[in-house]
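The values are calculated or read from the model by the stated rules, or taken from the named source; none is laboratory data. Here the structure is a predicted model, which means the values were calculated and not measured. Quick reminder, even Gly has a Cβ in these numbers, built from the backbone with ideal geometry, and neighbours come from all protein chains shown.
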Amino acid sequence: MFLFAAVLAGTLLLCEDPVVPESAVLPGGRATAPKVLNRGRGDFAATVPATKAGRSAEPSKGPWTLSGTVKREGETLPLAAALGLELIPLGIGPHATAGLQSMITTPNGGYSWVGLFPGAYRLRALPARDSSSHLAVAVEVELPDGSADSHELHRDILLPTPRLLQGLLRTKANHPPVGIRISVSEIGLHRGTAVCDADGTFEIAQVGVGPFEFQVRTNDGTPVPVETVERAHSESGTVQVAVVIP
């Protein structure tokens, strides 16, 4: 009986897991708990050091002020309602860092942009199409660099009444081209596209006073260079031009 109990105790001892210390034990020293450097959250999200509370730095401003009034062609009274304006920087430089800026005019058409940097801009006035008898218009504005007695530029904007553009497209050999599409824009504002008739004539409604920019393409989309544009005739409601291609 004693022999059986001894064998059973030895068997149980061999089946137990080996004893592993819960903390590292250095030779000749006491057990020390491991140092935790960082406890992860399990989502591996990057942490960003917190910044001191305070207002963010305000962007720097330029010295120029651009102001004026939006008027309608053929009318002496101010606008009956406010309309939208867009100021687009052209080229590169400090003036381009602000990107496109927009505002709403006062009810009488007044506007004012302050803190502009020197540079070239495109200013667009955009009346609502369904509530205005006049067209949108764009003008080029140049704010010069360097010292000046005044850094204020006054620029009025005139919304044009719609006109009908009647055109004649010809080759240098004075032949009407076949299968040609022609588009017209005014300082970046697309006015319309037409397909030339067999005799080279075309019409595009809803254009302003110009200057006009023409793009000519074949029916398959191949660009055709424009050599000359002649403004043949202009009346109150009609503009006639002659466009010559190679």
Going by the structure shown, is residue 231 exposed (fewer than 13 other Cβ atoms within 10 Å of the Cβ), part of a strand (DSSP E or B) and free of Cβ contacts under 8 Å to residues at least 40 places away in the same chain?
yes
For residue 142, the lone unmet condition from (1) in the same structural domain as residue 108 (by TED's automatic domain parsing); (2) among the acidic types (Asp, Glu); (3) in a loop (DSSP other than H, G, I, E, B) is (3)
Going through segment 72-118 one residue at a time, which ones are on the phi > 0 side of the Ramachandran plot and buried (at least 17 other Cβ atoms within 10 Å of the Cβ)?
109
Do you know which of the residues in segment 162-191 that are assigned to a loop (DSSP other than H, G, I, E, B) and buried (at least 16 other Cβ atoms within 10 Å of the Cβ) is modelled with the lowest pLDDT?
177
Leading residue by the ranking (farthest from residue 170 (Cα to Cα)) among those in segment 189-240 that are in contact with a Ser or Thr (Cβ under 9 Å, 6 or more places away or on another chain) and of a type in the set (A, V, I, L, M)
209
Residue check for residue 171: of a type in the set (S, T, N, Q) and over 29 Å from residue 67 (Cβ atoms):
yes
Go through the residues of segment 226-234 one by one and say whether even a single one is outside the structural domain of residue 86 (by TED's automatic domain parsing) and either on the phi > 0 side of the Ramachandran plot or in contact with a Leu (Cβ under 7 Å, 6 or more places away or on another chain) (or both).
no
Filter result for the condition that a residue is among the β-branched types (Val, Ile, Thr) and either free of Cβ contacts under 8 Å to residues at least 12 places away in the same chain or in contact with a Phe, Trp or Tyr (Cβ under 9 Å, 6 or more places away or on another chain) (or both), over 245, 204, 182, 187:
182
